[in-house]
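Each remark here refers to the structure printed beneath this line.
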Amino acid sequence: MELIGIFKYLYEQLVATGIPQVWVDLISLVASAVIIFGVLALIALFLVWWERKLSADFQQRMGPMLTGWHGLIQTVADAIKLIQKEDITPTKADRPVFFWAPIICFVAAFAVYVTVPFGEGLIVSDLNIGILYIVAITTFTVISLLMAGWGSNNKYALLGGMRSAAQVVSYEVPMIVAILSVIVFVGSLSMVDIVESQALIYQWYIFRMPFGPIAFVIFIIAATAETNRTPFDLPEAEQELVAGFNIEYSGMKFAMFFLAEFINMFTVSAIGATLFLGGWQGPFLPSWVWFLVKTFGLVFVFMWFRWTYPRLRVDQLMEFSWKFLLPLAFANLILAGWMKYSGWFNW
Amino acid sequence: MGIIKKVPVYAEKFPGGGIITTSLNYIFSQSQASSLWYLLFGTACCAIELMATGASRYDFDRFGMIFRASPRQSDLIIAAGTITKKMAPRLKLLHDQMAEPRYVIAMGGCTVGGGPFYYDSYAVEKGIDHIVPVDVYIPGCPPRPESLFEGCLKLQEKVKLQKIQDWS
Amino acid sequence: MTFEELTTYLTEKFGDKLELLETGKFEPFFLIKKENLVEICEAVKTDDKLLIDFLCNIGAIDTGEKFEIVYNLASIKKNIRFDLKLVMEYEGAEVDSVQEVWPCSNWYEREMWELYGINIKNHDNLTRFLLPDEWDQGHPMLKNWDAPDFKRMPEVE
Amino acid sequence: MAQYAAVLIFLLVGIGIVLFTFFMSRLIRPSNPYKAKNQSYECAEQPIGDSWIRFNNRFYIFALIFVVFDVEAVFLFPWAVAFGHLGLFALIEMMIFIMILLFGLFYAWKKGVLKWV
Amino acid sequence: MTEGLRTEEFQVNMGPHHPSTHGVCRFILTMDGEVIVRAEPVIGYLHRSLEKICENRTYAQCIPVMDRFEYCTSMCCNEVFALAVEKLAGIEVPEYAEYLRVIMMELNRIASHMIWYGTTALDLGAITPFLYSFREREDILDMFEMTCGQRLTYNYIRIGGVSKDIPPEFIPKCKEFLATIDHKIDDYERMLTENPIFMVRNKGVGTLSPEMAIAYGVSGPSLRASGIKYDLRRDDPYSIYNRFKFDIPVCHNGDCYDRYIIRIKEMRESAKIVRQALEQLPNAEVNTGKMVKANFKPAKGEVYSRIENSRGEMGVYIQSTGDTKKPLRVKMRGGSYNQLQVMPELVKGVKIADVVAIMASLDIIMPEVDR
């Protein structure tokens, strides 16, 4: 069952009403934005539940059990509860900065989905600079975390914000370079082109020995750091900074950070699946199912990290990036260029 | 703003408006009750039992209860362990800084009424109920995890009985 | 060293500066004068045969008539243990700090100052410690201490 | 440009949705601010001093190096896209470019800049 | 690089309500960025005046108060008080009761080290090990519960013996536990010991030199991690510890990692002692000792008894006047008191994340400090 048919039908119905083309495009874009928000909200709610269930499995517990079947609507209950929570703005906080931080955090996470291909044809707009756009927009998250840290006027929050800035600054470059080594092969920045260049399973970039796996590992490490997840969850290190940048946030504002964290995790997994695992490509099943399967597989890996590893210290985190990951990524980029030039594995 | 308090007043003017009120009430109170995030707050022996309750054999997560380190994001403060006179103002401040709606469980004899430190102690606050409003008392020194569960379930019952017109 | 060896060695070394107490069980307790405290502590720490490097505990006692202070000492290297005891009147109770000898005595002495009101000479940080910052009810460990909300356990036979 | 209209609309719709949820929550939630509640949380103590101070966060050097590498990444993107047509010359040129940067990184490393003092 | 810039130091409260201060300790940290310049501990948030309470209780009533002194190893607290009073009054404890005491204390030591293991992992950000160690801890608590009916504050070791005999199902359960514990500890080690992140977080952090450790009165596993082989169970044998063969693990770097290794090894050694004690347990005569009565008055005297607790030397000084049934003075000493005192020295110049790691590795719990 390909979903694209439904959307095409709806679009044609819209055209058939005879309103001007500008309105048609506008309505369809707004509608797709709302649909994607709905999908993302569902995915985030599911991911929170799944994370809790997975952690319970790792830890020989049950996880949420009493709210819905096996706690399936637990996160819905959490969300409704968070709507009812009082919203506190500390007296000393910088009110506008404090207010806008969660909004920017969420919007940055949400705007990425303009050009994420959920399936064959299931992409809002295939930007010709797709991957560059995604890399640029995801970095906005750090601005919101810095704003949250600064605006809260709380020392722990400030430290958390600073840490997240340092962390993103350090891991951005290896991530870009790892992505570049794939771009060298694709020859285009468009997400659709990236997926289409790996139609068959041996064409997936993770299987292009030897540069593919290295780039994939660098990408996964950098992505973990960018999404602030263990072992790189320093900005909200519970045991050191109590709750880090979101220490003063309550109610819906906290919910936005929470939602954005899980959307970001899904985003980086989706990018990873697109770049290295062939995106929607796969036999028999509809393309969007393949995409979701691969993405959730990567999400599982991130969750696995989280429930296994302790946390790094801030200086070790920086040194790991600058002294190990970055030289490795560049060496890998040169290797990829040479492989592309010499035609190795260039099937 | 609390406009929600007015919902019953207006809704009941329409036929079938009561259904809206009751279902809203049901959804809100039910979701509050099944998502009580507790603050990581433990001072003494009961804190170990609180930790054990969160661990594998008992597992708080089954009720949807997870811990938060910041009082801004937690709904429930489980005062586990002795509250001394030096600690009492801090407990009050923590309770103040929690976002409403907020609940308090007094866990263990010390927080209920001084417990084994009622007599002859110059430093222990004899019960926390004159510092913060307490919803559920759990006696025991320390209470078993099962009794803590019982207390939490009692609190859930209490939360479920809330009416939206009574909200602050 | 056994009990007897230790007592003979110490009494020979310090002569009348210390006196063995009969109340001590299991370990020798020596009564010393507070003027000699720091001197004796330095001596037992540097003595080759004793090498008392480990201060276990300092405790003040209010006997109802006067203060006593007990220093529980041990040597990790030589594996010997004994205790020193001071006796002083309530009036102007004061004792020298031994933190030059054993740094860990700092907190024990601070606690003594706070809970008993024994003044510590040459102590670098005599500030509020265990009690609340706004405490104004005196020294609660004294036997005759009382406060409005202080309840004594009823006697049951 | 039609492609980029989507970006604008997504940004607006995103902001709109968040503000809408904030508004919904505002209708429902209780609100009872008072002095102690709005005080900064600092482990249940009175905060000592203000947190808006000039403190040494020690990573501005990293930030500078980051700018260098990020600008470089911008140069690398067109290279990577066009690499398929350019051949050996582009490869060697880019290798030299990267080498210079890595040399700079190595220099900074030896200077002890990459240490979080 | 930084001379030209003016930066300010700032002060942060860490605690009393902080997830990783293990109770209610407060540090006033003076920080320069993420680096600690000075740390000043503020204690007393859990000062419950146990010593004052003991002065107003009869000797038998003091034992439950001692339970609350150090709740992670209540058995050892019972033992140290009972030992002191037995010395004071010259009471002989029956051999059978001594064996039960040793079994209970060593099991309690394992349980306490499990709490330490879990919270250490938790403080470093790994959550799963915490749940694993608490799972095994529950088995030990089951054994205690079937013996004395309590999970945490046991009141089991009394003056003159133990309160009651172990139930018949205790020994099979204990043997079953001992058969699996080594594998479980292997599991724990697999999760952390070789974990690269755990190693970089702990190696070379919070190095405590042997001289400083002794000067500050640090004892127990933390002292042995600094290379000093001093264990009261061997050097000043109390109870019947001289009947068992066990190693005293020693490491030489004195950093957080060594303190971790020591405690892991100690769990194995404790299991070894319990195994030997179960073998040697005299079956012929079941004599758990004669409990003292409420009007029990030991002779005039004073005693300082000390035992090796899981957090270092635990001591209690008791003075009795001989004519009342209440002690004149009970002064308690816990290992954490001295280990917290050395913290300001250890945390100078480290990052805020290391404060947490050091505090966890020293295994500080607050009731022992504040009493």
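The values are calculated or read from the model by the stated rules, or taken from the named source; none is laboratory data. Predicted model only: the values in this text are computed from it and were never measured. Backbone-built Cβ (ideal geometry, glycine too); neighbour counts: all protein chains shown. All accessible areas refer to the heavy atoms of the entire protein, side chains included, with ligands and DNA or RNA removed. Shrake-Rupley method; radii C 1.70, N 1.55, O 1.52, S 1.80 Å.
So here's what we get for this one:
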| read-out | value |
| --- | --- |
| Hey, A:K323 facing another protein chain (nearest Cβ under 7 Å) and buried (at least 20 other Cβ atoms within 10 Å of the Cβ) or not | no |
| Count of region D:60-90 residues which are within 14 Å of chain E (Cβ to nearest Cβ) and either open to solvent by less than 20 Å² (accessible area, probe 1.4 Å) or not hydrophobic (A, V, I, L, M, F, W, C) (or both) | 2 |
| Scan of region E:30-53 for residues that are more than 21 Å from E:N338 (Cβ to Cβ), in contact (Cβ under 8 Å) with a residue 24 or more places away in the chain and outside any loop (DSSP other than H, G, I, E, B), ordered by number | E:M31, E:D32, E:V35, E:V37 |
| Residues of region A:31-84 that turn out to be open to solvent by 20 Å² or more (accessible area, probe 1.4 Å) and not in a helix (DSSP H, G or I), as a count | 8 |
| Matching residues, region B:10-35, being within 10 Å of chain A (Cβ to nearest Cβ) and not in a loop (DSSP other than H, G, I, E, B) | B:I27, B:F28, B:S29, B:Q30, B:S31, B:Q32, B:A33 |
| Selection from region E:54-73 of residues that are assigned to a helix (DSSP H, G or I), under 24 Å from C:F26 (Cα atoms) and among the polar types (S, T, N, Q) | E:Q61 |
| Of all residues making up region B:58-69, the number that are in contact (Cβ under 8 Å) with a residue 24 or more places away in the chain and within 11 Å of chain E (Cβ to nearest Cβ) | 4 |
| Residue in region B:59-82 that is over 23 Å from A:Q60 (Cα atoms), over 16 Å from the mean Cα position of the chain (by Cα) and β-branched (V, I, T) present | yes |
| Residue list for region B:89-109, restricted to those being more than 11 Å from chain D (Cβ to nearest Cβ) and open to solvent by less than 10 Å² (accessible area, probe 1.4 Å) | B:V104, B:I105, B:A106, B:M107, B:G108 |
| Strands (runs of 3 or more DSSP E) lying entirely in region C:70-145 (those with 1 or more residues that are touching a residue at least 60 places away in the same chain (Cβ under 8 Å)) | C:80-88, C:94-96 |
| Candidates A:S188, A:S170, A:S181 - the one that is surrounded by fewer than 24 Cβ atoms within 10 Å (Cβ to Cβ), at pLDDT 80 or above and not hydrophobic (A, V, I, L, M, F, W, C) | A:S188 |
| Residues being of a type in the set (V, I, T) and either farther than 30 Å from E:G204 by Cα or open to solvent by 70 Å² or more (accessible area, probe 1.4 Å) (or both) - total across region E:253-304 | 6 |
| Residues (more than 7 Å from every other protein chain (Cβ to nearest Cβ) and either open to solvent by 10 Å² or more (accessible area, probe 1.4 Å) or touching a Phe, Trp or Tyr at 6+ places or on another chain (Cβ under 6 Å) (or both)) located in region A:149-164 | A:G149, A:W150, A:G151, A:A157, A:G160, A:G161 |
| Pairs, first within 7 Å of another protein chain (Cβ to nearest Cβ) in region A:231-250, second open to solvent by 10 Å² or more (accessible area, probe 1.4 Å) and part of a helix (DSSP H, G or I), C-beta under 6 Å, six or more apart | A:P231/E:I197; A:A243/A:E236 |
| Odd one out for A:S55, checked against (1) within 11 Å of chain D (Cβ to nearest Cβ); (2) polar (S, T, N, Q); (3) within 29 Å of B:F28 (Cβ to Cβ) | (1) |
| Of all residues in region E:201-240 being closer than 18 Å to E:V355 by Cβ, assigned to a loop (DSSP other than H, G, I, E, B) and of a type in the set (S, T, Y), the one that is least open to solvent (accessible area, probe 1.4 Å) | E:Y216 |
